[in-house]
Ligand code: FAD
């Protein structure tokens with residue numbers, strides 16, 4: 001039985017969705033185990049508070065938490081303080097500073113033992129300073145000179161409803177989609193160029209509408225061309241040349257990330273009448289159900305990350321310099337086994353996304369650099385998000401997609417080619433990659449449950 005509207009961009013939605021859902025049921029337990037029970041994968045290091053929004057002046061366009069909250073909730077003052085957006089968006093749990101260069105130099109080479117902080121019992125998070133690589137799709141977290149950021153517990157700060165909304169949030173999303181306009185960048189490619197006026201204008205929004213219309217056109221095209229044996233990428237119509245493949249992929253990644261964030265905030269929603277955290281079907285209907293292309297893009301991202309994780313597996317297995325705990329051999333081995341359990345399960349289906357089609361034909365090769373730069377701009381845009389928790393997950397997920405794209409487009413299936421110089425994957429990239437995969441994985445489950453709720457209420461009506 002198929003519950004997805006055939007109007008979805010993935011026109012053979014049932015086949016594609018159910019394949020991915022089945023795969024997800026297989027992968028999810030291992031992924032949860034990895035991201036919820038290992039220190040390595042449940043703390044993320046990032047620069048959450050020290051970076052300014054590089055693209056616009058906070059006072060001009062960014063909405064502070066309190067102001068956003070007032071816009072979101074008509075009578076914010078009537079609800080208990082702990083339910084207000086300013087409170088919901090705050091981070092919880094202890095945070096620890098990165099030890100910094102001096103402390104790293106003083107530390108013995110190996111084994112090394114770092115302490116996350118008081119009362120944390122953490123011993124596996126110290127890492128060497130990041131090395132920049134021009135094949136990175138995200139801005140390394142040490143871009144702003146000096147600070148290396150904080151370690152934040154992902155388990156203590158789940159991605160869920162925060163009440164962050166209004167002009168500030170919309171400005172960030174609009175800017176994210178504007179980056180899809182490949183002909184001419186809205187932003188300089190280096191944040192160091194300083195502030196520029198808030199990018200606005202009907203042209204950019206029109207472009208997005210055009211892309212969405214092109215997506216619907218694709219759906220019709222795919223209905224004609226459906227072949228259940230071709231990889232997911234072919235089923236999505238990405239091989240058609242009406243709109244450059246790379247641009248469509250860029251848009252789908254952004255829209256899929258947005259859809260996943262929307263899914264989590266609707267699933268873990270605060271009912272401000274009862275004070276209960278519970279799924280909000282109305283929220284799902286308004287943000288996802290009525291927009292099958294968004295759900296399709298979310299599933300597309302799941303396929304893309306599955307492929308990246310599957311591709312990474314042999315590489316991680318072959319390179320024992322990826323030590324997950326650095327110092328405690330048992331914990332290291334246990335974490336490694338959990339990582340490989342995920343990569344093996346992700347590889348248990350035939351190749352689900354064919355990245356070899358990208359950056360090949362037409363303007364493809366010349367677009368790669370542009371694609372990377374635009375992705376970096378999106379990662380910088382996350383510093384413009386005016387809610388701490390949202391910024392945490394926005395930064396983590398852009399870094400996760402960036403790592404996935406790096407694996408897909410910069411790793412040349414090279415586990416068995418020792419002479420190929422591979423780009424480095426930092427600890428933060430690995431943590432972001434697997435946690436982003438875990439976010440998508442729980443989004444798929446939530447969407448299935450939301451769909452069932454909608455069907456139930458329709459049947460009862
Ligand atoms: P928005 O979600 O703000 O969307 C703006 C516009 O974008 C829509 O009107 C629509 O035209 C378009 N759009 C929406 N979804 C898609 C899609 N999937 N694909 C393409 N176009 C789309 N809020 C929380 O409660 N918890 C969070 O963790 C959280 N994290 C966030 C992280 C980031 C990076 C940002 C920018 C915002 C975050 N927010 C979070 C806020 C949240 O995403 C929404 O902005 C907010 O709930 C207001 O929603 P909205 O209905 O106005 O539309």
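Structure notes:
- Residues that are in a loop (DSSP other than H, G, I, E, B) and more than 13 Å from residue 305 (Cα to Cα), drawn from segment 336-348: 348
- Condition check for residue 301: within 16 Å of the ligand (Cβ to nearest atom) and within 22 Å of the chain's Cα centre (by Cα): yes
- Restricting 424, 431, 407 to residues that are more than 14 Å from the chain's Cα centre (by Cα) and either crowded, with 22+ Cβ neighbours inside 10 Å or at pLDDT 90 or above (or both) narrows the list to 407.
- Filtered residue count, segment 375-411, keeping only those that are out of contact with any helix residue (DSSP H, G or I) (no Cβ under 6 Å at 6 or more places or on another chain), in a helix (DSSP H, G or I) and more than 16 Å from the ligand (Cβ to nearest atom): 4
- Odd one out for residue 291, checked against (1) farther than 30 Å from residue 165 by Cβ; (2) surrounded by fewer than 22 Cβ atoms within 10 Å (Cβ to Cβ): (1)
- Filtered residues of segment 29-40 (kept if in contact with a helix residue (DSSP H, G or I) (Cβ under 6 Å, 6 or more places away or on another chain) and at pLDDT 90 or above): 30, 31, 33, 34, 35
- Residue match in segment 434-451 (condition: surrounded by 21 or more Cβ atoms within 10 Å (Cβ to Cβ), at pLDDT 85 or above and over 24 Å from residue 249 (Cβ atoms)): yes
- Qualifying residue in segment 260-274 (condition: more than 22 Å from residue 435 (Cα to Cα), near the ligand (Cβ under 10 Å from one of its atoms) and surrounded by fewer than 22 Cβ atoms within 10 Å (Cβ to Cβ)): yes
The values are calculated or read from the model by the stated rules, or taken from the named source; none is laboratory data. Keep in mind that this is a model prediction, so the values were computed, not measured. Cβ: placed from backbone, ideal geometry, glycine included. Neighbour counts: every protein chain shown.
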